[in-house]
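The values are calculated or read from the model by the stated rules, or taken from the named source; none is laboratory data. Being a predicted model, the structure only gives us computed values, none of them experimental. Because the Cβ atoms are built from the backbone with ideal geometry, glycine has one as well, and the counts that use them run over all protein chains shown.
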Amino acid sequence: MVQALAPGLAGDMKVASAGALGWSALVIPLAMLAALWVTRLQHERDFVGMYTGSLIVNLALVIGLFVVAEGAVSGAASQMSALSLLGACLVIAMLGRLAWLAWRLPSRLQAPAIAETAHLPAASVWLWAALSSGLLLVFPLVARSLASSAGEGALASFNYAWKLIELPLVLAVQLVASLAFPAITRTEAGTPARQQAISLAFLIAWTLACAAIAVVATFSLPIANLLFGWGRMSAASLEVIAQWSAIGIWSLLPQALMAVLLTVMATHGRMQAAVWVLAAGLTVLLVAGLGGDVNGSRVMWLLNGVFGCMAVVLMLLERRSIKGAFPYLAFLVPLLVCVGLVSLKPLLLGFDLISTLIFCAIFSLLVISSAAMASPVLRGLLREKLNKKSVTD
């Protein structure tokens, strides 16, 4: 499996990777059960319960990483010892998340009628749901595999670059989809309330994606240095990570659309179409990636193109269900602001960390403010929140 997934690895690294896959396989059942329980909490809008479980996992893994780093790992024996420690931390982390979710769930399962009326979905529903969620996770896996063929260090560089993309994707775009799912399911199909919920989900996801692009594409090198420059990463490697992440961050735009579109399709029970679109996109990525010289930049551009095409196809398939819910003007304004801010990148080099963080905050506020000015729905929502806060005060 390691040879198929990361053909660029060799020697001790390949042996260590095989051991890592063994630990990963061990926690798959724990992860699947946690996913089921998290979905229940999502339906109940218990986002504190959902994301606290993830923080527990991150805390356990970070502790393990610090212990390994302090041990100054070197040699095959030490690498295997470090791998065993990290694998044990992974198991403890997953068990900790399950313990937290098990404690959190009973307070959310108060209605006795649930047990009387509950029934498992048909096998086909499980199949399409598993494929639609699983295939989406295969894209970065395939991209890493393609990038690993570019030579020594390429896999690690691509992995770090993708982390800079994945962070705003998980914290912003996918969070919006999680918030939108219960809001959409609690409205009737075809009603103004349903269309408003979809429109708001599109707008917020798109706006946050534009804000993330403005920040990461402009300040990719300072951010990479802040997150990864304190270890043994060389300056040249940090520049490669910054370059690749500045390209790949643009994939947040189609991924933002796809996150909401897949939520809508799941609500309407049309995941079969989503699966075929994802499978076609994955096939294109594989064929295009294997058809020539592969490097991180090329893989990032491929991902941008494939995600963009998939988003367009999904929009065409769902054109009836999202009719009247797609805010074109409100999309255009933050995008133009984002492009304008990124074009300032040559003028914003050489600032210290504090100045960079201030500029990041300013860029985010400019993009979000432009979206609020262009969208009556978002303005109304912000006005409503401010009025409620004033009354409370």
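Among the residues of the range 295-312, are any surrounded by fewer than 16 Cβ atoms within 10 Å (Cβ to Cβ), under 20 Å from TRP250 (Cα atoms) and modelled with pLDDT under 90? Scanning the range 295-312, I find no residue that is surrounded by fewer than 16 Cβ atoms within 10 Å (Cβ to Cβ), under 20 Å from TRP250 (Cα atoms) and modelled with pLDDT under 90, so the answer is no. Considering the conditions (1) modelled with pLDDT of 85 or more; (2) over 20 Å from the mean Cα position of the chain (by Cα); (3) of a type outside the set (Gly, Ala, Ser), VAL15 is excluded by exactly one of them, (1).
Has the range 341-356 got any residue that is exposed (fewer than 15 other Cβ atoms within 10 Å of the Cβ), under 30 Å from ALA193 (Cβ atoms), assigned by TED's automatic domain parsing to the domain that holds ALA279 and of a type in the set (Ser, Thr, Tyr)? Checked the range 341-356: no residue is exposed (fewer than 15 other Cβ atoms within 10 Å of the Cβ), under 30 Å from ALA193 (Cβ atoms), assigned by TED's automatic domain parsing to the domain that holds ALA279 and of a type in the set (Ser, Thr, Tyr).
The residue that is farthest from THR185 (Cα to Cα), counting only those in the range 1-38 that are of a type in the set (Val, Ile, Thr) and touching a helix residue (DSSP H, G or I) at 6+ places or on another chain (Cβ under 9 Å), is VAL15. Quick one: would you say LEU366 is buried (at least 16 other Cβ atoms within 10 Å of the Cβ), under 21 Å from TRP244 (Cβ atoms) and either under 25 Å from the mean Cα position of the chain (by Cα) or among the polar types (S, T, N, Q) (or both)? No; evaluated as a whole, the condition is false for this residue. Among the conditions (1) crowded, with 17+ Cβ neighbours inside 10 Å; (2) within 27 Å of VAL215 (Cα to Cα); (3) at pLDDT 80 or above, the only one that ALA180 does not satisfy is (3).
Pairs needed: first member in the range 319-346, of a type in the set (Phe, Trp, Tyr); second member anywhere, not in a loop (DSSP other than H, G, I, E, B); C-beta distance under 6 Å; at least 6 residues apart or different chains. So the pair list comes out as PHE331/TRP206.
Helices (runs of 4 or more DSSP H) fully within the range 226-322 that include at least 2 residues being within 24 Å of PRO7 (Cα to Cα): 235-248, 271-290, 296-317.
Candidates are the residues of the range 160-174 that are closer than 16 Å to LEU136 by Cβ and crowded, with 18+ Cβ neighbours inside 10 Å; the one that is modelled with the lowest pLDDT is VAL173.
Mind checking which residues of the range 323-332 are surrounded by 15 or more Cβ atoms within 10 Å (Cβ to Cβ) and in a loop (DSSP other than H, G, I, E, B)?
ALA325, PHE326, PRO327
Figure legend. Inter-residue proximity from the range 167-196: first residues more than 18 Å from LEU262 (Cβ to Cβ), second residues among the charged types (D, E, K, R), beta-carbon distance below 7 Å, spacing 6+ or different chains. Indicated pairs: GLU188/ARG194. Only one of the numbered conditions (1) in contact with a helix residue (DSSP H, G or I) (Cβ under 9 Å, 6 or more places away or on another chain); (2) exposed (fewer than 15 other Cβ atoms within 10 Å of the Cβ); (3) of a type in the set (Gly, Ala, Ser); (4) closer than 19 Å to LEU155 by Cβ is not met by GLY71, and that is (4).
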